[in-house]
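Structure first, then comments.
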């Protein structure tokens, strides 16, 4: 075999390898924020995602909020991660919804679950505290080097959910908001520009969907991107125990809008269905 022939065959082999490169690698090159393997429904519905998670505590003496717990992927080989601050509801502590911390973090996020300054704090106060928690997370926390400060989100339950709407209204640079059974006296959010997923409970008597979740959803401009999931026969307290649909949709929404990961469109459009869901609305197709 001549030298020229060997070079020709080597060039052909290299071209075949490049052509056969997996689509996920090509997509990752296009999207520097993509984290984790290709998603499946089973992986989203599992108790934990692909990342091992560690935790660290935040002192109640911190300024702006009442302390809390940070959950973060243990790996340092995937670069920085997007982050989300989550608030509990009226008279509740972080422990009431703490399952969300490791669930979301295990899919490639840094999560700070906050304690509020007082158990009676209103939605506006909780919104301010969520933003204070994000500021702390990105500038002072022991894991600040793991966080991409340009990719942040908020979430919360009840008045904490109402607080996440307040935070998204005050800081339009946020990438996503996920209010769960949100309660707020303000029913109109026409100024909101942050992609927002609202999850409501059909049987909620504390923040009835007819006077809270649905008007909130309807008032948000479609251009902001939004979705509304209503859980069949669920009470106001559905986020206080592990809920498969809530976990699935929260992760998918955060992956799509914090990580810009279009692999998760399939879980939002057309979205969840079946006996666990009584209503689903969205702005599909996503832009």
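Order these peptides, 269-275, 170-176, by their mean beta-carbon neighbour count within 10 angstrom, highest first.
Result, highest mean first: 170-176, 269-275.
The list [x] -0.58, -0.79, -1.05; [y] -0.76, -1.01, -1.27; [z] -0.79, -0.90, -1.03 gives values of log10 I(q)/I(0) by the Debye sum over Cα atoms at q = 0.11, 0.13, 0.15 Å⁻¹, and only one came from this structure; which label was calculated from it?
Matching the structure shown: [x].
Round to the nearest 10 and give me the degree value, 0 to 90, for the angle of helix 159-170's Cα axis relative to the longest principal axis of the chain.
Tilt of helix 159-170: around 60 degrees.
Hey, how many Å between the Cα centroid of the range 44-59 and the Cα centroid of the range 186-254?
Centre-to-centre (Cα) distance: 23 Å.
Restricting to bridges with both residues inside the chain, how much of the DSSP beta-bridge set is antiparallel, in percent to the nearest 5?
Antiparallel bridges make up about 40 percent of those DSSP assigns within the chain.
In what sequence, highest mean first, do 211-218, 139-146 appear when ranked by Cβ atoms within 10 angstrom?
Sorting 211-218, 139-146 by mean packing, highest first, produces 211-218, 139-146.
Could you work out how far helix 244-257 tilts from the main Cα principal axis of the chain, as a 0 to 90 degree angle to the nearest 10?
60
For the range 181-287, what mean projected area does the convex hull of the alpha carbons give, in nm²?
6.3
With a point put 7 Å past each Cα toward its Cβ, work out how far residue 223 is from residue 150 in nm, to one decimal.
Roughly 2.3 nm, to one decimal.
For the chain, what relative contact order do you get, as a whole percent, if you take Cα pairs closer than 8 Å and at least 6 residues apart?
Once normalised by length, the contact order is 15 percent.
For every helix of n ≥ 4 consecutive DSSP H residues, a contribution of -39,500 (n - 2.57) applies; sum these over the chain, divide by its total residues, and give [θ] at 222 nm rounded to the nearest 500 deg cm²/dmol.
-9000 deg cm²/dmol
Anyone know which of 49, 101, 79 comes out most mobile in the 10 Å Cα GNM of the chain?
Checking each option, the largest mean-square fluctuation is seen for 79.
Take each of the peptides 184-192, 81-89, average the number of other beta-carbon atoms within 10 Å over its residues, and list them starting from the highest.
Output ranking for 184-192, 81-89: 81-89, 184-192.
Each reported figure results from applying straightforward, stated rules to the coordinates on display, with no laboratory input. None of the values given here were measured: they were computed from a predicted structure. Note that we place each Cβ from the backbone using ideal geometry, even for glycine, and neighbour counts take in every protein chain shown.
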